[in-house]
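Scroll down for the structure; my scribbles are underneath it.
The values are calculated or read from the model by the stated rules, or taken from the named source; none is laboratory data. Since this is a predicted model, take the numbers as computed values, not measurements. Here the Cβ positions follow ideal geometry from the backbone for every residue, glycine too, while neighbour counts run over all protein chains shown. Side chains included, ligands, DNA and RNA excluded: accessible areas come from the protein's heavy atoms. Shrake-Rupley method; radii C 1.70, N 1.55, O 1.52, S 1.80 Å.
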Amino acid sequence: MRIGVDSYTYHRLLGELRPGEEDPGERLADGGAAVVSEGRALGVDAVSLETCYLGPPSRLDVAALRQAAAGLELALSWGAPEGLAFGTRPDAPDHLLDWVGIAAALGCRLMRVVAGGPRLRARADEWPATVEPLRRAAERAREVGLDLALENHGDLTAAQIGALLVAVDHQALGVCFDAANAARVGDDPLAACRLLAPRIRMVHLKDVEPIETAADPIAGPRSVPYGEGIVPVEAVLSTLAEAGFDGLVCVEIAQLGPGVDERALAADCVRWLRARIGLHEAIGSGTRP
């Protein structure tokens, strides 16, 4: 498994304050090279950049960003906050295709995509409207050597994600699994992980306080260090390892509580992940660290 950080971890530093969050009093210069620098400071293998912080695709300096990331794997996370919005955003499919092209130009192997978001959870039965745009995007992704990973984004259950994958029926479309989001829609995180494991290409890993503690149902519960919340993060990693997953696991931090520093929390999560992944690899090879 490779360790990464998703740029949503730095959402406050990129100018997005969720309900109830404190302003950190500083900002990153941009959502691209500046976030890559944060990833280098953490010593991760990869940085996943949320396209919502990169501006219009036509204005992105692909060559400069690729140069800034030299030596680090780049991935993209498309669609925050609601992606295809279950087919209600006419411009979304073409926007997705534009970013597929950008991802290929950046040398990415993976791009996270979303069908909806937490605000649209009550409309989850409308997921069939996303089948055709996702199939088009998957076909284009295959042409340019890219894999897409559909996230359970606080919108769909694991069973609905599975049904959507069957309906799209394209090997270029897999899953970006978020165990905290699984809990938010009423799934058992481990059962959801087991169900989707054969198609998981990417993981957004966060631990959170109990769901019912969320002050805002759309923002969701506050992020906490791995092992201190309700998400069975260690068991999730074990389940993935048993299924043969060897892909990208990205630290992701969402809602931040009072006094919490995203850089310190991200560093703590990376240290935790590095130790646990090292242990799984040692066990898998028949040795001990």
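A few notes on this one:
- Relative contact order (percent, whole number), the chain, Cα cutoff 8 Å, 6+ residue spacing: 19
- Packing, taken as the mean count of other beta carbons within 10 Å per residue, orders the peptides 234-247, 50-63, 99-112 from highest to lowest as 99-112, 234-247, 50-63.
- Accessible-area composition of the chain, carbon plus sulfur, in percent [1.4 Å probe]: 51
- Under Karplus coefficients 6.51, -1.76 and 1.60, residue-wise ³J(HN,Hα) of segment 14-22 in Hz, glycine/proline x: 9, x, 9, 9, 7, x, x, 7, 7
- In the context of the full set of protein chains, residues of the chain present 40 Å² of accessible surface per residue (probe radius 1.4 Å, heavy atoms only).
- Each peptide in 36-45, 248-257, 168-177 gets a packing score, the mean of other Cβ atoms within 10 Å over its residues, and the list from highest to lowest is 248-257, 168-177, 36-45.
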